[in-house]
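The values are calculated or read from the model by the stated rules, or taken from the named source; none is laboratory data. Since the structure is predicted, the reported quantities are computational estimates derived from the model, not experimental observations. So basically every Cβ, Gly included, is an ideal-geometry build from the backbone, and we count neighbours across all protein chains shown. Calculation scope for accessible area: heavy atoms of the full protein, side chains included, ligands and nucleic acids excluded. Shrake-Rupley method; radii C 1.70, N 1.55, O 1.52, S 1.80 Å.
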There are 2 protein chains.
Amino acid sequence: MSTSHEEPDQCIYIVDDDEALRDSLVWLLESSGYRVCAYDSSESFLAAYQPRMTGCLVLDVRMPGMSGLELFEELRLRHCSLPVIFITGHGDVPMAVSAVKRGAVDFIEKPFGDRDMLGLIEESLERERNSRQQRQVEAEIVRRLGDLTQREREVLDLIIAGKLNKQIADVLGISIKTVEVHRARVMEKMGANSLAELVQCVMTGEPGALRG
Amino acid sequence: MSTSHEEPDQCIYIVDDDEALRDSLVWLLESSGYRVCAYDSSESFLAAYQPRMTGCLVLDVRMPGMSGLELFEELRLRHCSLPVIFITGHGDVPMAVSAVKRGAVDFIEKPFGDRDMLGLIEESLERERNSRQQRQVEAEIVRRLGDLTQREREVLDLIIAGKLNKQIADVLGISIKTVEVHRARVMEKMGANSLAELVQCVMTGEPGALRG
DNA sequence: GGCACCGCTTGATCTGGATCAACGGGGGGG
DNA sequence: CCCCCCCGTTGATCCAGATCAAGCGGTGCC
């Protein structure tokens, strides 16, 4: 098997100060058909980091300068959601547990088997695909919500609250006809063909919008 | 501080074959105001297990007979979602990672500090409160969905799909009037005052019901 | 400065379709 | 007998879409 992972700019990013291990990993992954980029330190990875990167990260825990764990934290602060696989020399249970609880895909000890690593890479990429798609959908909805004018947004909220056009007009102190105009524009901008779709849309975009 | 944790039948379940540690834990937790039940083996806990138990579990990993990990698996098979804290003598990173990935709250090594344990207990109970409340709401909705007749359910699905009464009547081969009757009954049974509420309800009850 | 253009908001009329509410009825099965 | 499913009428209400129009604020061009 080789070069079959179709995905676009997907890449496996390796950060480890041990050149031998880096080379070994690069070889393993490239020969499995992945695109790979290796860095010898957290700092050099951060320097090259782009929010648009996709794929997954393999981080050495212990490195001179910024550790893998610190890099992980830093990336989370930057809202980077790339899946992370930690590799470490000496096992440390609390550290491993903490990392996984914070969202790391796994935390494995050296030496590890090729098969294990490949399995984790696949798990990571799968995770990335899902969250990525999820975020994309939500982002699109949020974008559309952002396209609404203030008034349209107010009308939308009242629609979601289950109010009738008449009631909306009442609350906003405008005529029913105007509400209908706004409503129509909202439906158009949100790309919804029915009230049901509209509600589903908005609920996907923001979890906290209930009752009326 | 003592006896302040108001919750109803909440209880900390401890499963460990080491009597000394059991006693120590029971003392710590009880003096912190928690209700505690201790068991000396996975088997004895399973024998006493009731699906209605609430609170959290503290499991020793290594025990004669069924291990803590096996008990964990068994409980998950039984759809028990009690949060689980593992305690173990010798740290084993892969095992710890695996447990946490499968949903364990934490995996700590003996000896551990009282403060750490109490922190984890609180984290567990918090987790339990959330998931519990979540499941309760969903269960209520599912129950109501179950009260619907076959026909009402079909109509509901088409309503969610954004179909008009006319279209629904067409699809089901019945008259619009009949659809209206079903629709009204659905709204009544689901306790929804508007289409928006209905959609929110159903979406909360089952995540996979889109497009039409 | 003035004026035209654009977008947001507001409003109206009319037409036609959709929905609601409240009545009426019939047929079938446990 | 009750419940479920089916269907109808009437009148009121609601919603959608097209068309027309006006005030207001900002942008830009002359």
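Couple of notes before you dig in:
- Some residue of the stretch B:144-153 being open to solvent by 60 Å² or more (accessible area, probe 1.4 Å), more than 29 Å from the chain's Cα centre (by Cα) and away from every other protein chain (no Cβ under 14 Å): yes
- Residues (within 14 Å of B:Ile12 (Cβ to Cβ), away from every other protein chain (no Cβ under 12 Å) and surrounded by fewer than 19 Cβ atoms within 10 Å (Cβ to Cβ)) located in the stretch B:90-128: B:Asp114, B:Leu118, B:Gly119, B:Glu122, B:Glu126
Residue-by-condition table, conditions (1) hydroxyl-bearing (Ser, Thr, Tyr); (2) touching a helix residue (DSSP H, G or I) at 6+ places or on another chain (Cβ under 9 Å); (3) within 12 Å of DNA strand D (Cβ to nearest atom); (4) more than 18 Å from B:Ala192 (Cβ to Cβ):
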residue	(1), (2), (3), (4)
B:Glu138	no, yes, no, no
B:Arg143	no, no, no, no
B:Leu148	no, yes, yes, no
B:Glu152	no, yes, yes, no
B:Val155	no, yes, yes, no
B:Ala161	no, yes, no, no
B:Ile168	no, yes, yes, no
B:Gly173	no, no, yes, yes
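- Applying the set (1) touching a residue at least 24 places away in the same chain (Cβ under 8 Å); (2) within 22 Å of A:Gln200 (Cα to Cα); (3) open to solvent by 40 Å² or more (accessible area, probe 1.4 Å) to B:Gln167 leaves exactly one unmet item: (1).
- If the condition is being in contact with an Asp or Glu (Cβ under 8 Å, 6 or more places away or on another chain) and surrounded by 19 or more Cβ atoms within 10 Å (Cβ to Cβ), then the stretch A:23-35 contributes only A:Leu25.
- Hits in the stretch A:63-122 - residues which are β-branched (Val, Ile, Thr) and assigned to a loop (DSSP other than H, G, I, E, B): A:Val105
- Boolean, B:Asn193 is more than 16 Å from DNA strand D (Cβ to nearest atom) and open to solvent by 60 Å² or more (accessible area, probe 1.4 Å): no
- Qualifying positions in the stretch A:36-53 - outside any helix (DSSP H, G or I) and crowded, with 16+ Cβ neighbours inside 10 Å: A:Val36, A:Ala38, A:Tyr39, A:Asp40, A:Ser41, A:Tyr49, A:Met53
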